[in-house]
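The values are calculated or read from the model by the stated rules, or taken from the named source; none is laboratory data. For clarity, every value in this text was computed on a predicted model and none was experimentally measured. Because the Cβ atoms are built from the backbone with ideal geometry, glycine has one as well, and the counts that use them run over all protein chains shown. We work out accessible area using only protein heavy atoms, side chains counted, and drop any ligands, DNA or RNA first. Shrake-Rupley method; radii C 1.70, N 1.55, O 1.52, S 1.80 Å.
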Amino acid sequence: MRRFKVLMAILIAVTALVAVLFVFTRRPTVEYSPVRALWVTRFDYDSPADVDAIINNVGAAGFTDVFFQIRGNGTAFYKSELEPWASELSGHDLSRLGTDPGWDPLQRAIDAAQPHGLRVHAYMNVLPGWKGLADPPAAARQVWTEHRDWFMVDSLGDRMLPTSGWYSFLNPVLPEVRRHLRGVVSELCRYDIAGVHLDYIRYPHDYHIVARQRYPDATDEEITRRSDFSYDEASQAALFQKYGWDVTKDQIADFRRESITKVVRDISYVLQIEKPNACLLTASVMGNPIDGKHRAYQDSGAWARQGLVDWVVQMNYATKSFTRHLESMKKAAGTKKFASSVVVGLYLENDAADVLEQLEIVKESGARGFAIFSYTFLFGANHEPTEKGRKLLPKLRP
């Protein structure tokens, strides 16, 4: 009996100790610093003075982060050994593509941001490789002329053609494309950036909107086939090797989603190796994550859940479907990742009243924060606040 009492006393003491340890060792509730981000596109600047004014405006407006575009369609707005200097930096003259402008927009933005404590993310269009009806000059050694075989192929077997306002896309299935993109990101890691921001990291499901510029006499059926990519030999061989000849539509979709996700993984790996724990990876994703997953093969919910990116930045640009798409993203990412890894993008072409209402919805939603597209709606060509900017800027401050 005495032995039993001793054992019971020991058991009670151990139980109490475990309870105390649980209280003091359980993980506290994580509070994430709110994100207030702004996109600055490559069309917003063409001089050092522009960049200085832009960054000063963004910092003074209380934003925490700026997505500063430095790659549009296989041309660079930073010092690159892989891609030519953008012609926009040399008078918007295509013949001057590759001409060194004598200054570095990305470095200029980083330097200007430091006094504001503003985080600069190098914002790149990932898969677009060229835009326009004219080819780049051969001497520039741009990917559209140097590596035409890197681009997607439509279901009729023809190379995807750019239009005056739309891109031709690089093929993410090809190892040489992924190697090139890893190289681009590695170059960006030479800079003291806070992050790399990915855009157009998807299949071009919406090409049918612009395809008639290239195929004016095509039937609706042909336009549909001209807008379905990629049917090149390498992609088809990889698809059949994985699934066999009797491939289903669901397997094709899975294959394409995985090809996009591989690019994200590749870029994440580069950042882990070259800037460990020092550089965020973020991605602009479609507002409707269901459409993104099944039509553009962009599995943004999985990227957030698996931690492949630090933030998915949901381009939730609609008005009537805004709340529905917000809830869809919360479901796709999961509640915890929604709080830590989802930044909601608002489109300033919408009415100011709609934007303000959406801003309040985002604040109540539990998302990590918001991002605004884009600078040009807040500040005009002279970098002074626009009429809409004067309405919205006070509400965007912390």
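Report, by residue number, each residue of the stretch 250-285 that is in a helix (DSSP H, G or I), β-branched (Val, Ile, Thr) and under 30 Å from TYR231 (Cβ atoms). Hits for the stretch 250-285 are ILE252, ILE260, THR261, VAL263, VAL264, ILE267, VAL270.
One residue alone among GLU222, GLU187 is open to solvent by less than 30 Å² (accessible area, probe 1.4 Å), in contact (Cβ under 8 Å) with a residue 24 or more places away in the chain and either of a type outside the set (Ser, Thr, Tyr) or not in a helix (DSSP H, G or I) (or both), and that residue is GLU187.
Listed here are the residues, each with its yes/no results for (1) of a type in the set (Gly, Ala, Ser); (2) within 20 Å of ASP199 (Cβ to Cβ); (3) out of contact with any Cys (no Cβ under 6 Å at 6 or more places or on another chain); (4) open to solvent by 40 Å² or more (accessible area, probe 1.4 Å).
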position	(1), (2), (3), (4)
ARG71	no, yes, yes, no
LYS79	no, no, yes, yes
HIS92	no, no, yes, yes
MET124	no, yes, yes, no
LEU133	no, no, yes, yes
ARG141	no, no, yes, yes
SER155	yes, no, yes, no
THR163	no, yes, yes, no
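Scan the stretch 286-313 for residues that are in a strand (DSSP E or B) and either free of Cβ contacts under 8 Å to residues at least 40 places away in the same chain or in contact with a Cys (Cβ under 7 Å, 6 or more places away or on another chain) (or both) and the total you get is 1.
Scanning the stretch 104-118 finds no residues that are under 28 Å from ARG226 (Cα atoms) and either open to solvent by 30 Å² or more (accessible area, probe 1.4 Å) or without any contact (Cβ under 8 Å) to a residue 40 or more places away in the chain (or both). Whether any residue in the stretch 376-398 is closer than 28 Å to ARG265 by Cα and either in contact with a Ser or Thr (Cβ under 6 Å, 6 or more places away or on another chain) or not in a helix (DSSP H, G or I) (or both) is what I want to check. No.
Assess whether ASP100 counts as being in contact with a strand residue (DSSP E or B) (Cβ under 9 Å, 6 or more places away or on another chain) and either open to solvent by 10 Å² or more (accessible area, probe 1.4 Å) or touching a residue at least 24 places away in the same chain (Cβ under 8 Å) (or both). Answer is yes for this residue.
Looking at this structure, is ARG214 under 16 Å from the mean Cα position of the chain (by Cα) and at pLDDT 95 or above? So ARG214 does not fit the description; no.
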